[in-house]
Amino acid sequence: MLLTILWIDKRDKQDNYFKGADASWPHKFMSLRLKYFNNTRKPKGILGKAMIVRMNRHHTPLVSWALSHFPNDDINTILDIGCGGGKNALELLKLYKNAHLTAVDYSKVSVNNSRKMLRCEIKNNRCEVLEQDVMNLTLEKDNFDLITAFETVYFWPDLEISFKNVLDCLKRGGKFIITHEADGITHNQWDGVLDGLTIYTADELKEKLLSVGFSSVESFHHENNPWIVVIGTK
Ligand SMILES: C[S@@+](CC[C@H](N)C(=O)[O-])C[C@H]1O[C@@H](n2cnc3c(N)ncnc32)[C@H](O)[C@@H]1O
């Protein structure tokens, strides 16, 4: 399985390797690749597990850049929504040494993988991983200092409902941080290709956050890559 992931991943990075595939590559291989990448939205089955391995690796540079914009404040309670394989949650717990983190995802494969990744932190009562949909969060209100969403808001079906749910869970003064590797300006190969994917600009996210009641929003753009971090404060 690992070899297949590495092979697909390597080919993906090569210049337009798959783009001329309609004529020269077997159709079934192309649909397998699409099926594999559609697991970014809700990892499921064997391809979902493979995607989790890829995401944990692929998102590392993006996440370390994003973390450089995170607050230094005393953070005691963190919620990571759409936690995927749990690697970002682990990084957050290293950064905020006194914090307790709740990780949620609506994919069973993601939840199971995060529980494996975070087993020591769970054992030490620093973390819990729950199967929850951001559209219907059943978590304590006004409870979190920090809520994070790495590479997941693209897939949330209704920003107004989901952002209101996030706002409800934040403490006053708490921060909601969205990190995306696509800025909605630079061409992205998956736009219009992956199921349920909407790529937003930082300004669109900012406007929506303010409209649901966040008191202020700031954003950062990577100097060379189309990466954005958008921070809403309650
Ligand atoms: C592209 S992956 C990113 C995973 C991880 N945050 C990372 O950066 O590696 C998107 C994750 O968001 C989850 N997700 C998408 N929509 C969701 C929703 N409505 N509620 C909860 N999780 C969701 C998916 O199941 C998937 O695990």
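Please treat every number below as a calculation from the coordinates, not as lab data. The structure displayed is predicted, hence computed values, not measured ones. Reconstructed Cβ throughout: ideal geometry from the backbone, glycine too, with neighbour counts over all protein chains shown.
Of the residues that sit in segment 135-146 and are within 16 Å of the ligand (Cβ to nearest atom) and in contact with an Asp or Glu (Cβ under 9 Å, 6 or more places away or on another chain), which one is farthest from Lys42 (Cα to Cα)? Don't jump to the end; show me each part of the working.
Step one: filter segment 135-146 for residues within 16 Å of the ligand (Cβ to nearest atom), giving 135-139, 144, 146.
If we keep only those that are in contact with an Asp or Glu (Cβ under 9 Å, 6 or more places away or on another chain) too, we end up with 135, 137, 139, 146.
Working: Met135: 14, Leu137: 17, Leu139: 21, Leu146: 24 Å.
Here the answer is Leu146.
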If you take the residues in segment 185-234 that are small (Gly, Ala, Ser) and assigned to a loop (DSSP other than H, G, I, E, B), which one is surrounded by the fewest Cβ atoms within 10 Å (Cβ to Cβ)? Gly192
Residue count, segment 66-104, condition part of a loop (DSSP other than H, G, I, E, B) and within 15 Å of the ligand (Cβ to nearest atom), comes to 6
Can you name the number of the only condition in (1) assigned to a helix (DSSP H, G or I); (2) surrounded by 14 or more Cβ atoms within 10 Å (Cβ to Cβ); (3) not small (Gly, Ala, Ser) that Val129 fails? (1)
Is it the case that segment 193-212 has a residue that's of a type outside the set (A, V, I, L, M) and in contact (Cβ under 8 Å) with a residue 60 or more places away in the chain? yes
